[in-house]
Every structure is written in C-alpha cells, then in structure tokens.
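Notes to accompany the following structure.
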Amino acid sequence: MGIRVRFAPSPTGDLHIGSVRTALYNFLHARHEKGTFVLRIEDTDQKRNKEEALKGIVDGLQWCGLHWDEGPIFQSDRLDVYSRYAKKIEESGRAYWRDDPGKGRALVFRIDREKIAWDDLVHGPSARDISLDPDLVLVKSDSFPTYNFACVIDDHEMNISHVLRGDEHLANTPKQISLYRALGWEPPRFGHMPLIMDPDGEKLSKRKIEKYHGIGLPVIVEECRALGYLPEAIVNFVALLGWSPGGDLELMTLDEMIEKFTADRIGTTPARFLVDKLLWMNGIYIRKCPIDRLVELTRPYIESTYGPQPVEKLREAVRQQQERIKRLDELPALTKFAFAPKIEYDAKAVAKWLTADGGRAILGDLRAELSELRAFDKAAVESVLTRVMEKHKTKLGNVAQPLRVAVTGGTVSPPIHDTLAILGRETVLARIDEALKL
Ligand code: GLU
C-alpha cells in the first residue's frame, strides 16, 4: 500500500497561509510518493454549519490547485466511532471519568509517565518526557471528543502513514503516541515543520491582519486573491517557507515541486514571510502568464472599478502593463486614463503643456494629422510626432507631452502610441477637442 497523508484543518472559516503550507507539504509528499491525500475536517468543537465551514477550505485548496483524493470526511459525522473507542479505553482501565465542577464529566486518559521517543521526519530522533504532564482528556464534558483523541482514532482508522504538521503540535505528539500504544496501534511517522514568522519576527497572526494588509502581506487565501496574487506564486512562495529543494532553485511549478519534495529537506528554523520576495515572485508569474488567462484574471479588478469593458480593450491594457505590474490590483490605477469614462486634468500639467506658449498650436496640428491616420500603430504615430516636431522646430517631449496631457489628463502613461492605441481614434480626437477648449 502506498503512503497515506491527510490535511486536517479545524474549520475556522478561512484558509490561513500556515494551513496552505501544511496542506501543500502533505500534498507534495503524497504526490511524490504516489500515495493518497485525504481531506479531513476536524469540526468536533465547531458549532457551525458544515457547508459554511467547508467553503473557505475547499475554495482555498482548489484555488491553489491542491486537489485531494479522499474526503472531505467530517469528524462530526463520526461521533459514534469515537464513543466506541472511548468505551474500549475505559474498559481497559486506561481511562477514567472525572468530574468537571459545574460542567459535567470528562473521560481522561492515563498517559504513559515516561520519556516518549519518536523519529521525527524533520527534526530527526526526538523525545519528550511527559511524566509530569496532566492526564489527557479524551471526551469533554459536552460529550464531544477532544482533538487529540479524534485525531488518533482517525489517523489509525484512515491508515494514515505520515503526519506533517506544525511545530505547535510537538507537545501533542508524545501524548498521542502514548494513546496509540494503549490501543495497541502503530503510530504514523510524524514530521513537524517550523513556525512561520512575520516581517517583525513574530508569529504570523490573524490579529495583525490590518498591519499586514498595509504592506501587502496576505494571511488568508481569500486575501491573496483579492490583493492580486496568482495562485502559482502563492504556492511557490509558501513552499519555500520552511522547505528548499537545495541549491539556488526557487521558481518551480507544482509538478517540479512534486518531483523534488522530500520531508527531510524541511528546515527546523522558523521561516520568515518576506513580502518583497512574494511580490518579486508574483511579478515573474504575471509575466509568464498567457495573455488570455491574465485578461480573465484582471477583468474583475478593472470592471469592479470602471464597469464592463470590451475584451479587446482589456487585452490591450494587460499587454501594455504585463511587464511592469507585480500585483493584479495595481491595474485599475495604471489604466485609469483608458477606462474611466471622464478624465481628470492635472492642473499643473495643463498649465505647463497645454495653455503655455505653443502647446495649443502643437495640439491643433497633431489633431489634424492624427485624424488622417487609419490606425494608431507605432510607426504611424511616431511619424506624426516627428513631422509636428520638425514643423515647430522643437523636441519630441514638447510634442508628446501636450498630446499625453490632452488624452490622459496627466503626464504619466504608457508610451504614447500605446496610450493612443488603447483609447482608440474616436476617444483620442474627442479628448483633444476637449483639451483645446481649456
Ligand atoms: N486540526 C488540527 C489543526 O488544525 C490538526 C493537527 C494535526 O495535523 O494533527 O491544527
């Protein structure tokens, strides 16, 4: 039988970046070993509706391209299984009922009072002395199983062979091993991955979400999407938060990661989330992205700002900006001149390039020549600019800038032929006429 791993999130509503990493490493491990990846929802202490609980997780995993083979299995559907095992452990004498004053009775497991050792996939030979730890609650006074109990039962029943999870579970592992022993079961192989730190060197936390937002650091998958990160950039970036294939290799497709992933290359020191690196990577994936897909990905950003747009115009905008943007959400501001129905004139630019000496005369000549052109291609627009420049015995900038201010309202836009091309003939001539009246 091949290996079997699982991703077992507690459904908190969203998929956190740390959970993406856990899911990804387990997914990569399963695919590398041609094994099975199980999705299990640990919802025994969530009083939520199942579909709602699942939505953020499923949407997030699918967006990242992390597809599972079995599940989702809900722990809340398996309460009878846990009761059965609770009874069995109680009958064996390893667990006892304890009164929780004011709450009811809890079933408590007598853990092994010794040093528990295991060979960690990441940390290597590990051991923890749990002889002074309190006994382990298996069933809470509300009669629901605890995480530690349900997790052991399920990992065993689902034949899970490897468990990759965060270092925050290091304290649970020896207690879980103790439970496996009491049940006469072989524990899976455990591997614990390092914490993810934020740029301040603190543990990445949802509580700092506002601060992170300000620097473009996404904490949950939904934010990654909203900020205009591509899934392949997020997956590649998250893969490197604690794992490295060795050498300098950083940019990898999911298939390359599958080929290279081994748990023994997961590091033991906390990984730091560096936003600049994510931005750099996202920029690279934007440039690699086929234009048709990029148009569809950017459409919501443009249309939520400026309303529905013809696909050809979107395509032209994307083509013009693909090389320079690092996040898709930069696009609306950069293409305002093209999509906003009315332009706003920058008073300084107008004073300097249009109403100052010569500006209007240059613009009038440009209008006459441009209205003769069939298409605003690069060569045609450049020859118009050159002719007008020569006529006025001036520099190119003194011709291009009045035109740019007239058609965009300001002095910054893509190269002038691109600016004219995206606006199209009718708009260009109308805006020039408008500007001539200023
Ligand atoms: N539901 C647990 C968590 O989200 C799973 C831990 C584990 O992988 O055992 O932390």
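Summary of computed values
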item	result
Residue tally, condition open to solvent by 20 Å² or more (accessible area, probe 1.4 Å), at pLDDT 95 or above and within 14 Å of the ligand (Cβ to nearest atom), over the range 19-48	2
Residue match in the range 245-259 (condition: over 26 Å from G56 (Cα atoms) and in contact (Cβ under 8 Å) with a residue 60 or more places away in the chain)	yes
Of the criteria (1) over 19 Å from R94 (Cβ atoms); (2) within 11 Å of the ligand (Cβ to nearest atom), which one D129 fails	(2)
Subset of the range 186-224 (residues that are of a type in the set (V, I, T), open to solvent by 10 Å² or more (accessible area, probe 1.4 Å) and in contact (Cβ under 8 Å) with a residue 24 or more places away in the chain)	I196, I215, I220
Out of D99, D77, sole residue that is open to solvent by 70 Å² or more (accessible area, probe 1.4 Å), free of Cβ contacts under 8 Å to residues at least 12 places away in the same chain and within 16 Å of the ligand (Cβ to nearest atom)	D77
Criterion: more than 12 Å from the ligand (Cβ to nearest atom) and within 29 Å of the chain's Cα centre (by Cα) - qualifying residue of H156, H123	H123
Pairs with Cβ under 7 Å, 6+ apart, first in the range 225-238 and at positive phi, second open to solvent by less than 10 Å² (accessible area, probe 1.4 Å)	G228/L328
Scope the range 327-383; condition in a loop (DSSP other than H, G, I, E, B), under 34 Å from the mean Cα position of the chain (by Cα) and surrounded by fewer than 17 Cβ atoms within 10 Å (Cβ to Cβ); matching residues	A340, P341
Residue check for E168: over 24 Å from E33 (Cα atoms) and within 16 Å of the ligand (Cβ to nearest atom)	yes
Count of residues meeting criterion [free of Cβ contacts under 8 Å to residues at least 60 places away in the same chain, part of a helix (DSSP H, G or I) and not basic (K, R)] in the range 299-326	10
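For every residue, the table says whether it meets (1) of a type in the set (S, T, N, Q); (2) touching a strand residue (DSSP E or B) at 6+ places or on another chain (Cβ under 7 Å); (3) in contact (Cβ under 8 Å) with a residue 40 or more places away in the chain.
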{"residue": "D346", "(1), (2), (3)": "no, no, yes"}
{"residue": "R360", "(1), (2), (3)": "no, no, yes"}
{"residue": "R367", "(1), (2), (3)": "no, no, yes"}
{"residue": "R374", "(1), (2), (3)": "no, no, no"}
{"residue": "K391", "(1), (2), (3)": "no, no, no"}
{"residue": "T394", "(1), (2), (3)": "yes, no, no"}
{"residue": "L429", "(1), (2), (3)": "no, no, yes"}
{"residue": "I432", "(1), (2), (3)": "no, no, yes"}
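The values are calculated or read from the model by the stated rules, or taken from the named source; none is laboratory data. Here the structure is a predicted model, which is why all the values come from computation and not from measurement. FYI the Cβ positions are ideal-geometry reconstructions off the backbone, even for glycines, and counts take in every protein chain you see. Only protein heavy atoms, including side chains, enter the accessible area calculation; ligands, DNA and RNA are left aside. Shrake-Rupley method; radii C 1.70, N 1.55, O 1.52, S 1.80 Å.
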